[in-house]
Amino acid sequence: MAYELEKRLVVGIASSALFDLAEADVVFREKGEEAYRAYQEQHLDDTLGNGAAFPFIRRLLSLNDLSPEDPLVEVIVLSRNDPDTGLRVMRSIQSHGLPISRAIFMQGRSPYHFMPALNMSLFLSANEDDVREAVSLGLPAGRVLSLATVDEEGDQDLRIAFDFDGVLADDASEQVYQSDGIEGFRSHETMNAATPHDAGPLRDFLASVNRLQQREEERRAEDPDYKIRVHVSLVTARNAPTHERAVRSLKGWGVTVNDAFFLGGIDKSTIMGVLKPHIFFDDQVGHLVGTARSTPSVHIPFGKINERDGSAPTEAHQ
């Protein structure tokens, strides 16, 4: 019987997002592919350290204990490695005890084209070109920023934080802000407060997370001692009166968040230091420069503000 993905939350993960591959990537960049192959072969039994997305992925997969016979979450490796050099990745997954058994290895080629076929609601990679190309095709992808991550084993919660414009919603209002300034933006959003935004790249991912939260609520109804693990926050530069359209949009889409921070220009990193999410999604690199120091941060290169001249460097072979 075929293993169906339609009702599961499916995440694609590049090895560059799951593990710390900085040392191997230096070998690839400075000495080329053959030296990289030799390096990975020599270190085949050396377990890779945690990458920025590791705590998020580990906790997401742990939610399969809500339905052991029919997993709610599936994580699939999508890698530019070939199968030989990908062996170290799969051995490291096994060594860390992660229940990831499915992978696609494509030697030097972008694997994101398989996202729709695999029903993926999110793809995480450190390769900027792959992520930008995926987003340009309307696929939900994000670039994980480099960060030395410490995974707190005793903390079983999963805290996810989203920016609003350009992440959960499209960037139409951001374009108004860029062209008409803050007062034009406020006027536009107040006038359209009752009109939900069009969905952004991660709206459907949030909907999938909400389904996991619903399963948790069902478990708590059966077992009052069950402790809710998944917590979702909205962290946005919007404030009153523009907050109303964001709240109404979420309701109109049929999705929910547990907490909302309408910061009105306050540095988001100050909130992240207290909130301590295991992953934070934002469409503006300027916001992530501060948050990435302490928070696993993901850039969603969506909308006009992320158009580039083509000179920006890419990152990560894996």
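Of the residues 47, 85, which single one is over 30 Å from residue 216 (Cβ atoms), open to solvent by 30 Å² or more (accessible area, probe 1.4 Å) and β-branched (Val, Ile, Thr)? Steps first, answer last, please.
Values: 85 fails: open to solvent by 30 Å² or more (accessible area, probe 1.4 Å).
On inspection, the qualifying residue turns out to be 47.
Given the residues 189, 128, 152, 133, which is the only one that is closer than 21 Å to residue 263 by Cβ and acidic (Asp, Glu)? Full working, then the answer.
Working: 128 fails: closer than 21 Å to residue 263 by Cβ; 152 fails: closer than 21 Å to residue 263 by Cβ; 133 fails: closer than 21 Å to residue 263 by Cβ.
So the residue among 189, 128, 152, 133 that is closer than 21 Å to residue 263 by Cβ and acidic (Asp, Glu) is 189.
Just one of 125, 179, 95, 146 is at negative phi and open to solvent by less than 30 Å² (accessible area, probe 1.4 Å); which is it? Let's see the steps before the verdict.
Working: 179 fails: open to solvent by less than 30 Å² (accessible area, probe 1.4 Å); 95 fails: open to solvent by less than 30 Å² (accessible area, probe 1.4 Å); 146 fails: open to solvent by less than 30 Å² (accessible area, probe 1.4 Å).
Just one listed residue meets the conditions, 125.
Conditions tested, residue by residue: (1) open to solvent by less than 50 Å² (accessible area, probe 1.4 Å); (2) touching a Cys at 6+ places or on another chain (Cβ under 7 Å); (3) in a helix (DSSP H, G or I).
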residue	(1), (2), (3)
190	no, no, yes
211	no, no, yes
216	yes, no, yes
226	yes, no, no
235	yes, no, no
247	no, no, yes
288	yes, no, yes
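Among the numbered criteria (1) surrounded by 16 or more Cβ atoms within 10 Å (Cβ to Cβ); (2) out of contact with any Asp or Glu (no Cβ under 7 Å at 6 or more places or on another chain), which one does residue 116 miss?
Among (1) surrounded by 16 or more Cβ atoms within 10 Å (Cβ to Cβ); (2) out of contact with any Asp or Glu (no Cβ under 7 Å at 6 or more places or on another chain), residue 116 violates only (1).
Pairs under 7 Å by beta carbon, first residue among the charged types (D, E, K, R) in the stretch 296-307, partner assigned to a loop (DSSP other than H, G, I, E, B), six or more apart or different chains?
Pairs found: 304/171.
Looking at the stretch 52-81, I want the residues that are open to solvent by less than 30 Å² (accessible area, probe 1.4 Å) and have a partner that is part of a helix (DSSP H, G or I) and among the small types (Gly, Ala, Ser) with Cβ atoms under 6 Å, at least 6 apart or on another chain. Which pairs are those?
That search, which allows pairs on different chains as well, returns 53/17; 79/15.
The values are calculated or read from the model by the stated rules, or taken from the named source; none is laboratory data. Here the structure is a predicted model, which is why all the values come from computation and not from measurement. Note that each Cβ is placed from the backbone with ideal geometry, even for glycine, and that neighbours are counted across all protein chains shown. Heavy atoms of the whole protein, side chains included, go into the accessibility calculation; ligands, DNA and RNA do not. Shrake-Rupley method; radii C 1.70, N 1.55, O 1.52, S 1.80 Å.
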